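The values are calculated or read from the model by the stated rules, or taken from the named source; none is laboratory data. Computed from a predicted structure; not experimentally measured. Every residue, glycine as well, gets a Cβ built from its backbone with ideal geometry; the counts of neighbours run over all protein chains shown.
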Amino acid sequence: MQHQLDVTWFIADDGGYGILRDYLTSAFGQTHATELARPDFVALARSFGVPATLTDAESLRADLAEALSTRGPSVVVLPAALRMFASTHL
């Protein structure tokens, strides 16, 4: 914000170590200590004066396009349950 850089941060907030959670569940059937407290990224960004939007899957394209076309920094947050990892050793 201080330098008004044209930067947009996209945060896929899965509430923890999503890749590790998925791997441990696939490989061992359970996880430990992979959940994190979800900070309010929108409030955090706004506390620094950075425009921020909480989005969902239906609004993501429009919200991200708007953020990318806005001068200066911006943040777009998508709460998500990511499933990105497939165990390769089983």
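Yes/no per residue for (1) touching a Lys or Arg at 6+ places or on another chain (Cβ under 6 Å); (2) over 17 Å from Leu5 (Cβ atoms); (3) modelled with pLDDT of 95 or more:
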site: Thr70; (1), (2), (3): no, no, no
site: Val75; (1), (2), (3): no, no, yes
site: Ala80; (1), (2), (3): no, yes, no
site: Met84; (1), (2), (3): no, yes, no
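Considering region 63-77 alone, what residues qualify as being touching a Leu at 6+ places or on another chain (Cβ under 8 Å) and surrounded by fewer than 19 Cβ atoms within 10 Å (Cβ to Cβ)? The answer is Gly72, and nothing else. Scanning region 1-51 for residues that are assigned to a helix (DSSP H, G or I), under 11 Å from the mean Cα position of the chain (by Cα) and of a type in the set (Val, Ile, Thr) gives a single hit, Val42. Candidates in region 1-37 are the residues that are surrounded by 15 or more Cβ atoms within 10 Å (Cβ to Cβ) and β-branched (Val, Ile, Thr); of these, the one that is modelled with the highest pLDDT is Thr8.
The set of residues in region 38-62 being at pLDDT 95 or above, surrounded by 13 or more Cβ atoms within 10 Å (Cβ to Cβ) and under 17 Å from Ala80 (Cβ atoms) consists of Val42, Ala52, Thr53, Leu54, Thr55, Ser59, Leu60. Residue pairs whose Cβ atoms lie under 6 Å apart, sitting 6 or more positions apart in sequence or on different chains, and linking a residue in region 59-76 that is farther than 17 Å from Ala12 by Cβ to a partner that is surrounded by 12 or more Cβ atoms within 10 Å (Cβ to Cβ), are Pro73/Met1; Pro73/Val7; Pro73/Val50.
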